[in-house]
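As structure tokens, the structure follows; a few thoughts come after it.
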Amino acid sequence: MSIFFVTGTDTDAGKTLVSSALLWRARHMGLTTLGIKPIASGCEQQDGGWRNRDALSLQQQSWPQLDYALHNPLRFPEAIAPHIAAELHGQHLSVTSVEQALQPVLAQKAQFTLIEGAGGWHLPLNNQGQMLSDWVAQHTWPVVLVIGLRLGCLNHASLTVSAIRQAGLTLAGWVVNHVDPDMPYQQENIATLQAIMSAPCLGRIPWLEQASAENAAPFLNLQSLHLVDVG
């Protein structure tokens with residue numbers, strides 16, 4: 001059983017696309033898979049409850065699929081910072097509340113589990129200084145970093161890697177996701193990333209007109225993650 005936490009250099013870096021594509025690859029290798037979105041803001045009413053598009057994508061690539069509430073236990077309709085959204089609904093997020101909410105799904109045993117964060121690495125849980133990264137550090141899960149290739153990504157990537165290491169965690173790998181098709185000097189930026197990142201690159205997803213797990217999966221590999229039965 002392998003568990004990885006997926007974070008990004010910022011909001012909209014492509015965490016869900018990468019997570020879903022990695023789950024797709026593992027699922028088609030015959031592994032049991034589990035995608036989890038602990039906290040999601042920006043949900044819509046579907047099937048009698050709040051549903052988040054990112055969490056639905058992770059659920060779709062999980063095998064066997066679980067009830068939606070297990071894939072995404074903490075969800076809020078407003079597309080704002082989750083801790084602010086939680087307060088609007090009379091809830092208080094904390095490391096303890098996240099742990100309690102995730103216990104049922106963490107008890108599930110899949111060969112390949114991805115837990116996708118929200119926003120960037122230091123997502124605030126409350127105004128008392130607790131962050132989602134504190135919860136990740138308690139579990140000592142290795143981290144996969146999704147780098148949205150855009151102006152400023154070199155700084156964001158470097159700062160995120162430093163923070164991950166300061167937490168005592170391992171950077172298991174990183175993925176470049178082309179989020180700006182018109183970004184100049186893309187190759188030069190990627191070369192710089194390769195020079196400053198001391199972890200394996202799991203792939204580079206080009207700009208996709210139809211961004212989907214199936215379309216992104218061919219550009220990724222799982223070999224560096226040392227999963228069971230990965231050839």
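The values are calculated or read from the model by the stated rules, or taken from the named source; none is laboratory data. Since this is a predicted model, take the numbers as computed values, not measurements. Cβ placement follows ideal geometry from the backbone for every residue including glycine, while neighbour counts extend to all protein chains displayed. Surface areas here come from the heavy atoms of the whole protein model, side chains and all, with no ligands, DNA or RNA. Shrake-Rupley method; radii C 1.70, N 1.55, O 1.52, S 1.80 Å.
Some observations on this one:
- Matching residues, region 50-64, being assigned to a strand (DSSP E or B) and touching a Ser or Thr at 6+ places or on another chain (Cβ under 8 Å): Trp63
Residue-wise test of (1) in a strand (DSSP E or B); (2) modelled with pLDDT of 95 or more.
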site: Phe4; (1), (2): yes, yes
site: Asp12; (1), (2): no, no
site: Thr16; (1), (2): no, yes
site: Leu23; (1), (2): no, yes
site: Leu34; (1), (2): yes, yes
site: Gln45; (1), (2): yes, no
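- Among residues that are basic (Lys, Arg), open to solvent by 10 Å² or more (accessible area, probe 1.4 Å) and not in a loop (DSSP other than H, G, I, E, B), Arg150 is not included.
- The residues listed here are Ala217, Ala199, Ala191; of these, the one that is in contact with a helix residue (DSSP H, G or I) (Cβ under 6 Å, 6 or more places away or on another chain) and open to solvent by less than 70 Å² (accessible area, probe 1.4 Å) is Ala217.
- The lone exception for Ala40 - which of (1) touching a strand residue (DSSP E or B) at 6+ places or on another chain (Cβ under 9 Å); (2) closer than 17 Å to Ala217 by Cα it fails: (2)
- Condition check for Gln128: surrounded by fewer than 16 Cβ atoms within 10 Å (Cβ to Cβ), over 30 Å from Cys153 (Cβ atoms) and at pLDDT 95 or above: yes
- Any hit, region 33-52, residues being within 16 Å of the chain's Cα centre (by Cα) and farther than 24 Å from Pro124 by Cα: yes
- Residues satisfying the stated conditions in region 48-70, i.e. within 16 Å of Glu214 (Cα to Cα) and among the polar types (S, T, N, Q): Ser57, Gln59, Gln60, Gln61, Ser62
- Test result for Val136, farther than 22 Å from Leu31 by Cβ, assigned to a helix (DSSP H, G or I), open to solvent by less than 10 Å² (accessible area, probe 1.4 Å) and of a type in the set (A, V, I, L, M): yes
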